[in-house]
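The values are calculated or read from the model by the stated rules, or taken from the named source; none is laboratory data. Since the structure is predicted, the reported quantities are computational estimates derived from the model, not experimental observations. As a convention, Cβ positions derive from the backbone with ideal geometry for all residues, glycine included, and neighbour counts pool all protein chains shown. The accessibility values were calculated without ligands, DNA or RNA, using every heavy atom of the protein model including side chains. Shrake-Rupley method; radii C 1.70, N 1.55, O 1.52, S 1.80 Å.
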Amino acid sequence: MLRISNLHVTIDDKPILKGLNLEMGPGELHAIMGPNGSGKSTLGYALAGREGYEITDGSVEFEGQDIAEMEPEERAAAGLFLAFQYPVEIPGVNNAYFLRAALNAQRKVRGEEEVDSMSFLKEVRESLKSLRMDESLLKRAVNEGFSGGEKKRNEIVQMAVLKPKLAILDETDSGLDIDALKLVAEGINRLRDDKRSFMVITHYQRLLEYLEPDHVHVLSDGRIVESGGKELAGRLEREGYAFLEEAEA
Amino acid sequence: MSALLERLAGEQQLPTDDFGDIRRRAQAALMQHGFPDLKTEDWKYTPLKLLEKREFSAEQAASSALREPGFKAVVLHFDNGLLNLDDLDLPAGLRIEPIGRESLERADYGDRAGAFAWLNLARFEQGLRLVIESDQDRPLVLALTTAEGFAADVHPRLEVEVAEGVSATLIDYQYDAGAGLVNRVTDVELARGARLNHVIRRGGGDSAWIERTVVNVNDEADYRVHVLDCGGRLTRQDLRVHLLAEGANGEIDGIGLVDTRQHIDYHTAIEHKVGHTNSRESFRLLGDGSGVGVFNGRIHIHKGADDSHSDLETANLLLSEHARINTKPELEIYAEEVTASHGATIGQLDDDAMFYLRSRGIPADAAGALLKYGFAAAPLEGTEPVEVKDWLLEELQRAL
Ligand SMILES: Nc1ncnc2c1ncn2[C@@H]1O[C@H](COP(=O)(O)OP(=O)(O)OP(=O)(O)O)[C@@H](O)[C@H]1O
Ligand SMILES: [Mg+2]
């Protein structure tokens, strides 16, 4: 599904990712943890193709294809999705309109027909309901005036509608109340099957307790420095990242 | 005499009627003050040179068609500026009559900054007074259109009166396909407790479009205007809202789009003449190609107009390095216990928003179009009733 080899990424010539290796198979859920500023969001942005995130060395293969030169919209149509740590407000653009435009743009690239508006709306409504979000959010501008938690849940709604092959969730659990966290976890679990993969960036073990990750990685200073099973998350929660320095020393 | 004076106010064939003295008075004022020049502060960005090069002909072109607005409305057609008064079919509570002498005699437009209003009076031809006496369930559309081949200068004059406690929606649909001059003077009066939803949808060809609108808002009356100006060769709109008595409310929301060879220029003023009056204004300009957009928004809270509130916000989007935008919000406060704020921002398309849309699969050009639309749609979101809002947003989408 995803093979990242020796990935080096710079922002404004400043090295942020410094030789990152990661492999994810289909249907797997990988958690990425790590201290503030270690490069987790940078990894997400680099995978999604954000301008200014320059790959200076190494490679990223998504389903066997090198994606380094692909535009963000091409990556999206190929099945990559990034739930933003800070979802962006887009004043004046209707949420439902935006989501449908996104879905249809992806379908067009894949040679599929446009969705009909009835079944589209039905699906979005169901998805909103399962996340206990008010339907009126559909008529509002994208993320504008949404509460922090509503923005995060809106990312999950988008994921549910766009049905990516690989979803990268950047701290989608941050800022959620306890009930919302559970709803979001359920939203993720509903989409899990033996093909779809997830990269879940988080600081907390709580979400992972619901998600049962296959692998947990620790990203520090632009590299994966430790990998393990879900018990690693528990250890980090108890001990913090101090042991990383000890290991390096 | 300047070239412009000669062209527009020289020898004219004018109707022989009772208004000769009124025209002569205006003509004298115009001759005395002249037209604005580059030193006239309020007009320094308006390229009147364009008019000096024009030959205006009195010949009438055919009328141009208005795209059906798609909602139920009462439509009055002003072909090439003038309303055809034959077979008018007006709903109950709506009356049209000629403008009375008295208001023409009272008219005073000051010095050269008021030259086009003086010109309008000097060339007075058709003046209409529209009286809205009871609530109107259908919006009233004043379709002022010019046809291809239109090369005349017309000087329509309009008065609108909304009676006590009455609510109405008035849509100025102004579409230009010609290359002349439309120079309109509009006076609006809202009686106690009246409410007017005013919509100005304007756009066009090569004509110069100059309009001076003054709105008097009396106690507890509420004036709201939404402007969608899709740009033309030259548009100059002066809009003055006078809050005359306690409880008066005035709101202006607008978006102006300019592209190559287009110039739009909005000068708005909200005058809080007494206390306990409220206003709000949000005006945006979107500049593309080599278009020029000018916005001057003045909020004036007069001495003694205590306990008044006002908010003025402007935002601009510059999409090309050749486009130009001039924005000047002005706040003048001479009263106490007043809250007022203003802000102005100029920007390009937001990178974060661009990436967000593209990361969802929307290609770059479509994402850019969506952001432009979102920027321009925001000031129109509050338009009422909803069918008019939907129509305005469709018009916007077509224009982008
Ligand atoms: N545009 C930028 N210009 C310069 N440095 C940047 C830029 N964006 C990110 N960085 C730096 O890159 C490093 C990694 O940032 P990143 O956002 O990837 O961290 P993170 O692991 O997601 O942290 P957090 O847990 O706080 O979200 C940080 O030191 C940050 O300051
Ligand atoms: Mg981050």
Query raised in the report: Plugging the Kirkwood radius over Cα pairs into Stokes-Einstein for the stretch A:35-86, at a temperature of 20 °C and a viscosity of 1.002 mPa s, what D comes out in µm²/s?
Result: 183 µm²/s
Query - Intensity falloff of the stretch B:219-304 expressed as log10 I(q)/I(0), Debye formula with alpha-carbon point scatterers, at q = 0.19 Å⁻¹ - result: -0.77
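What helices in chain B pass both tests, a Cα length along the helix axis of 30 Å or more and a mean Kyte hydropathy of 0.5 or higher, using whole DSSP H runs? Before the final figure, lay out each step's value.
Working: long enough: none.
Helices meeting the criterion: none.
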**Report entry** Förster radius 35 Å - calculated FRET efficiency between B:Leu400 and B:Arg106, Cβ distance, rounded to 0.05
**Finding:** 0.25
Requested in this report: Could you work out how far helix A:95-109 tilts from the main Cα principal axis of chain A, as a 0 to 90 degree angle to the nearest 10?
Outcome: 70 degrees
**Report entry** √(5λ) per eigenvalue of the Cα gyration tensor, the protein assembly as shown, largest first, Å
**Finding:** 59, 24, 23
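Just checking the output field for A:40-53: average partner chain Cβ neighbours within 10 Å of each residue's Cβ? Display every interim value, and only then the final one.
Details: counts 0, 0, 0, 0, 1, 2, 0, 0, 5, 3, 7, 4, 2, 0.
Mean shielding count: 2.
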Report summary line: Using alpha carbon centers only, the stretch A:116-148 is separated from the stretch B:275-344 by a whole-angstrom value of 35 Å
Requested in this report: Please go through the residue pairs A:Lys152/B:Lys372; B:Lys39/B:Lys372; A:Lys139/B:Lys72 and name each one whose alpha carbons sit more than 31 Å apart in this structure.
Outcome: B:Lys39/B:Lys372
Query raised in the report: Where in the stretch B:145-167 does the amide nitrogen come within less than 19 Å of the point 7 Å from the Cα of B:Glu55, taken along Cα to Cβ?
Result: B:148-154
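So if I average 1/r over every pair of distinct C-alpha atoms in the stretch B:3-349 and take the inverse, what Kirkwood radius in Å does that give? List each step's numbers first, then the result.
Numbers: mean 1/r = 0.0485 Å⁻¹.
Averaging 1/r across every pair of different Cα atoms and inverting gives 20.6 Å.
Excluding ligands, DNA and RNA, what is the accessible area buried between chains A and B, summed over both sides, using a 1.4 Å probe, to the nearest 100 Å²?
Working: alone 12500 and 17280 Å², together 27840 Å².
Protein heavy atoms only, the A-B interface buries about 1900 Å².
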Report task. Kindly report, to the nearest 10 Å², the accessible surface of A:Met1 as traced by a 1.4 Å probe over protein heavy atoms only. Result -> 50 Å²
Query - Between the stretch A:15-59 and the stretch A:191-249, the Cα center-to-center distance that results, in Å - result: 14 Å
Query raised in the report: Suppose every K and R has +1 on its Cβ and every D and E has -1 on its Cβ; what is the size of the dipole of the protein assembly as shown about the Cα centre, in Debye to the nearest 20?
Result: 600 debye
**Report entry** Debye, to nearest 20: dipole size of chain B, +1 on Lys, Arg Cβ, -1 on Asp, Glu Cβ
**Finding:** 1060 debye
**Report entry** Proximal aspartates and glutamates relative to A:Lys14, as straight alpha-carbon distance under 12 Å, when same-chain residues fewer than 8 apart are discounted
**Finding:** A:Glu54
Requested in this report: Compute the Cα gyration tensor for the stretch B:335-400, then decide on rounded, prolate or oblate, letting a ≥ b ≥ c be the square roots of its eigenvalues: rounded whenever a/c is under 1.5, prolate when a/b is larger than b/c in the other cases, and oblate in all that remain.
Outcome: oblate
Query raised in the report: Ordering A:Ser117, B:Ser282 from largest to smallest accessible area (1.4 angstrom probe), what's the sequence?
Result: A:Ser117, B:Ser282
Query - Computed accessible area, A:Asp12, all protein chains, 1.4 angstrom probe, square angstrom - result: 140 Å²
Query raised in the report: For B:Glu68 and B:Leu349, what does the FRET efficiency come to when R0 = 51 Å and r is the distance between their Cβ atoms, rounded to the nearest 0.05?
Result: 0.95
**Report entry** Candidate aspartates and glutamates - alpha carbon under 18 Å from A:Lys151, same-chain residues fewer than 8 apart omitted
**Finding:** A:Glu89, A:Glu126, A:Asp134, A:Glu135, A:Asp170, A:Glu171, A:Asp173, A:Asp177, A:Asp179, A:Glu186, B:Asp352
Query raised in the report: Given the stretch A:2-248 reduced to its alpha-carbon atoms as identical point scatterers, what log10 I(q)/I(0) does the Debye formula return at q = 0.08, 0.15 Å⁻¹?
Result: -0.30, -1.09
Query raised in the report: Taking the alpha-carbon centroid of each part, what is the distance from the stretch B:367-400 to the stretch B:182-229 in angstrom?
Result: 19 Å
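What do you reckon, how do B:Thr268, B:Thr16, B:Thr327 stack up by accessible area (1.4 Å probe), largest on top?
B:Thr16, B:Thr327, B:Thr268
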